[in-house]
């Protein structure tokens, strides 16, 4: 990125044209400014159809879908073609100082905003919550690499706050032009760690985090000579030659108003996010009367609407009613489980479960204790759930398991450790 008024080299101009087109495409594709997903849907599905590539899903919790990779390839092609046309049409241009200034501002504000959002989501412990009841009782070998990373980070609130605070600080410094280099370097440190986690633990935001790291590198590259002199050559650091466009008084007022509006919107969004997350966190810590782990002792299909009957149906082996409203129904295959959001009405003995990923997947159970008609058994510890699950009318008998708490929950921080507690 050029920061002075000297003519640019040909390769430098070509690289900048490519980067500027790519940057604008990427920011627009993020849907932060405007939602143009319908345009990208057309482009992605046109390419996938032309090259016979299956696109199973659109971007969801994963940012590394087939859709995303086709979109990335399309952005690169658009940028290459666009920069080629731009080079031919504007080959006499000496430099792009004003566009470079605009590109830097866009990058700083985009990266700074995302760092603030992700930073505060760690500070309020919403991105990486403490491992839930299912994760605490899941065999380590059954965990996914991403699940292992989430449990590792979520275990320590202090670690979350430390990393989140670093992201927030780097984001704030990026908004100020005089401190942008420090903010960029700090963001690179933070994002390098995030990128390493995403690649090493197969967390599906590899493309996204890599782009944020590249943006930090781009911002810091404006001071590459000064940074080399400071860190490697032990020479006197040259003064920065920042290009500052000259605007009239009216334009300055317009830009000030835009900045005030932008920071107002960002502040409102972050405050709203913090308040909402605090309310949600309070709900997540609520313990219902069903909280605990239950073993499924019996599972009966009373009636079925399915034409195939109940052949080869996988019965549940355990049910986890966690804090807040999360329930995990675990099949005999540990890798297969269904996650629901549950609400409990003790007055009517009604248990309502809604699929976490599909709100149409709703289960309504009536539960009773003691004398169980379906199982002809009198046991006060047993709970019977009667209701419809998908196409089957079920009667499920569950018994609470005695869980005294895991070592991970009990072991806290110690200043003095006579021996390593490596269990």
| Rh by Kirkwood over Cα pairs, then Stokes-Einstein D for the chain at 1.002 mPa s and 20 °C, µm²/s | 82
| Quick one: what do you get for the stretch 201-251 if you divide its Cα Rg by 2.2 N^0.38 Å? | 1.77
| How do the peptides 182-191, 221-230 rank, highest first, by the average count of neighbouring beta carbon atoms within 10 Å per residue? | 182-191, 221-230
| Given the Cα-Cα distance of residue 6 and residue 72 and 0.36 nm per residue of separation, how much length would full extension add, in nm? | 20.4 nm
| remark: Taking 0.36 nm per residue of separation between residue 14 and residue 98 and subtracting their Cα-Cα distance, the length gained on full extension comes to 28.7 nm
| Alpha-carbon centroid distance for the pair the stretch 272-286 / the stretch 47-120, whole angstrom | 34
| For peptides 269-280, 109-120, sequence by mean Cβ density within 10 Å, most packed first | 109-120, 269-280
| note | So, with points 7 Å from each Cα along the Cβ direction, the residue 388-residue 366 label distance in nm works out to 1.4
| query | Relative to the compact globular guide of 2.2 N^0.38 Å, what is the alpha carbon radius of gyration of the stretch 172-218, as a ratio? | reply | 1.20
| message | How compact is the stretch 226-304 by the rule of thumb for globular proteins, expressed as Cα Rg over 2.2 N^0.38 Å? | response | 2.54
| query | Relative contact order of the chain: what whole-number percent is it, with Cα pairs under 8 angstrom and at least 6 residues apart? | reply | 12
| note | Using the Kirkwood radius over Cα pairs of the stretch 1-60, the Stokes-Einstein translational diffusion coefficient at 37 °C and 0.692 mPa s, in µm²/s and rounded to a whole number, is 229
| remark: Length gained, residue 87-residue 224, 0.36 nm per residue minus C-alpha separation, equals 46.8 nm
| remark: Nearest 10, in degrees from 0 to 90: the angle of helix 249-284 to the longest Cα principal axis of the chain is 20
| Over the stretch 1-82, what relative contact order in percent results from Cα pairs under 8 Å that are six or more residues apart? | 30
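Laboratory data are not the source of any read-out in this text; all were calculated from the coordinates shown. It should be emphasised that the depicted structure is a prediction, and the values quoted were computed from it without experimental measurement. Here Cβ is always computed from backbone atoms with ideal geometry, including for glycine, and neighbour counts include all displayed protein chains.
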